[in-house]
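The block underneath contains the structure these notes are about, expressed in structure tokens.
The values are calculated or read from the model by the stated rules, or taken from the named source; none is laboratory data. This structure is a prediction, so every number in the text was calculated from the model and none was measured. Every residue, glycine as well, gets a Cβ built from its backbone with ideal geometry; the counts of neighbours run over all protein chains shown.
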Amino acid sequence: MVDRALTAMDNLDQLWRAHSEHSDLAALNRNAGETFTRLRYETLNMLQKGTELEESFGGAFNMFLGPVTALWGFQTDRPGIPDSAAIAEALPSTKGGLVFSSDSAMLEFPGMKLDVGGIAKGEAVDMAVFTLMNLKVEAFIVEAGGDLRTFGLPKEGKQWRIGIAHPRKPGALYGTLKVGQRSVATSGDYQQFFIEDGKRYHHIIDPETGWPADRCVSATVVAQTCTEADAAATALFVMGPEKGMEWLAHHSEYQGLIIYLDQKGKLKHKISPALEDSFKLR
Ligand code: AMP
Ligand code: MG
């Protein structure tokens, strides 16, 4: 059964891997601004959900950062600081959107490139969860790279206890969170990064500037689906503690924990009131 869920996730991975020239996403990039591309249901579904979610994050979440993220090179084994002129040149091509037409879609302008790294993991988790649900598995957690979704409960009357990674101590926990049947996703500046001249550069980009977002160090979101949690964690990371908590206050179906550095460089956090009782600091 687990095999079947893993196969479901593997299939999506292959379908979406931007590097593979045969993937749905590579075809969309190739045909940008020119022709519609017929897409598998799974791809269409993810892109439509991503487009809807994007609107609610007011610019913090952008699935079209491909031209900018390619410059940073976090998908390669040699990331580095790009030329700021190159970033400025790439930014305009991140401002377009997708046009949908029945089972096809097209990137609005030539030169646009998708980067669905902020949402694809969550969507893959959700698909694996549906596979296991269809197989009538009673209780489980599906996890991919730190983003997870629970189903059922571990024991009668018990909740799942989820560890939140410590953003500055590799392998250690910052705290734990008890959840029922929910999804939990974390975006952090410690997941993919390099340090140059004492400054940290990481893979979550502020779409306004094209440079790594620096308002916080980690954002965890609890939501119903893992697609929502994944996208929201990336978006809240970009928004930072103030704007992020304000967004959460207006979206009661989401809860979050945002860890940031105060002016003295000390770790602090803000948490949704609805999570306070289920959160335990380590
Ligand atoms: P996550 O680990 O879920 O926060 O996603 C980070 C990944 O999403 C990066 O590796 C990029 O592929 C992509 N990404 C970076 N910045 C953004 C952003 N502001 N909005 C959407 N996706 C992003
Ligand atoms: Mg994400």
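Points to keep in mind about this one:
- Within the range 68-97, the residues that satisfy the criterion of being of a type in the set (A, V, I, L, M, F, W, C) and in a helix (DSSP H, G or I) are Val68, Ala70, Leu71, Trp72, Ala85, Ala86, Ile87, Ala88, Ala90, Leu91.
- Within the range 137-155, residues that are within 14 Å of Leu6 (Cβ to Cβ) sit with their Cβ atoms under 6 Å from residues that are among the β-branched types (Val, Ile, Thr) and crowded, with 20+ Cβ neighbours inside 10 Å, at 6+ positions apart or across chains, in these pairs: Ile141/Thr150; Val142/Val125; Val142/Val129; Ala144/Val125.
- Subset of the range 165-178 (residues that are closer than 26 Å to Leu261 by Cβ and not in a loop (DSSP other than H, G, I, E, B)): Ala165, Leu173, Tyr174, Gly175, Thr176, Leu177
- Test: residue in the range 41-52 that is of a type in the set (Asp, Glu) and within 20 Å of Ala144 (Cα to Cα): yes
- When Val68 is tested against the conditions (1) surrounded by fewer than 22 Cβ atoms within 10 Å (Cβ to Cβ); (2) in contact with a strand residue (DSSP E or B) (Cβ under 8 Å, 6 or more places away or on another chain), the lone failure is (1).
- Residue within the range 120-135 that is within 16 Å of ligand 1 (Cβ to nearest atom), farther than 25 Å from Gln192 by Cβ and surrounded by 15 or more Cβ atoms within 10 Å (Cβ to Cβ) present: no
- Test: residue in the range 4-24 that is part of a loop (DSSP other than H, G, I, E, B), under 23 Å from His203 (Cα atoms) and at pLDDT 95 or above: no
- Residue under evaluation Ser187, criteria (1) away from ligand 2 (no atom under 14 Å from the Cβ); (2) modelled with pLDDT of 95 or more, criterion not met: (1)
- Inter-residue pairs, beta-carbon under 7 Å, first farther than 18 Å from Thr209 by Cα and of a type in the set (Asp, Glu) and in the range 230-259, second within 14 Å of ligand 2 (Cβ to nearest atom) and assigned to a loop (DSSP other than H, G, I, E, B), 6+ apart: Asp230/Gly118; Asp230/Ile119
- For the range 98-164, the strands (runs of 3 or more DSSP E) that sit wholly inside it and include 1 or more residues that are of a type in the set (Gly, Ala, Ser) and at pLDDT below 95 are 140-144.
- Inspection of the range 260-276 identifies at least one residue that is at negative phi, within 16 Å of ligand 1 (Cβ to nearest atom) and in contact (Cβ under 8 Å) with a residue 24 or more places away in the chain.
- Only one entry of Lys158, Lys178, Lys121 meets the criterion of being more than 30 Å from Gly33 (Cβ to Cβ) and out of contact with any Phe, Trp or Tyr (no Cβ under 8 Å at 6 or more places or on another chain), and that entry is Lys158.
- Residue within the range 253-266 that is more than 27 Å from Glu89 (Cα to Cα), surrounded by fewer than 23 Cβ atoms within 10 Å (Cβ to Cβ) and within 14 Å of ligand 2 (Cβ to nearest atom) present: yes
- So Ile271, is it farther than 21 Å from Gly50 by Cα and touching a His at 6+ places or on another chain (Cβ under 6 Å): no
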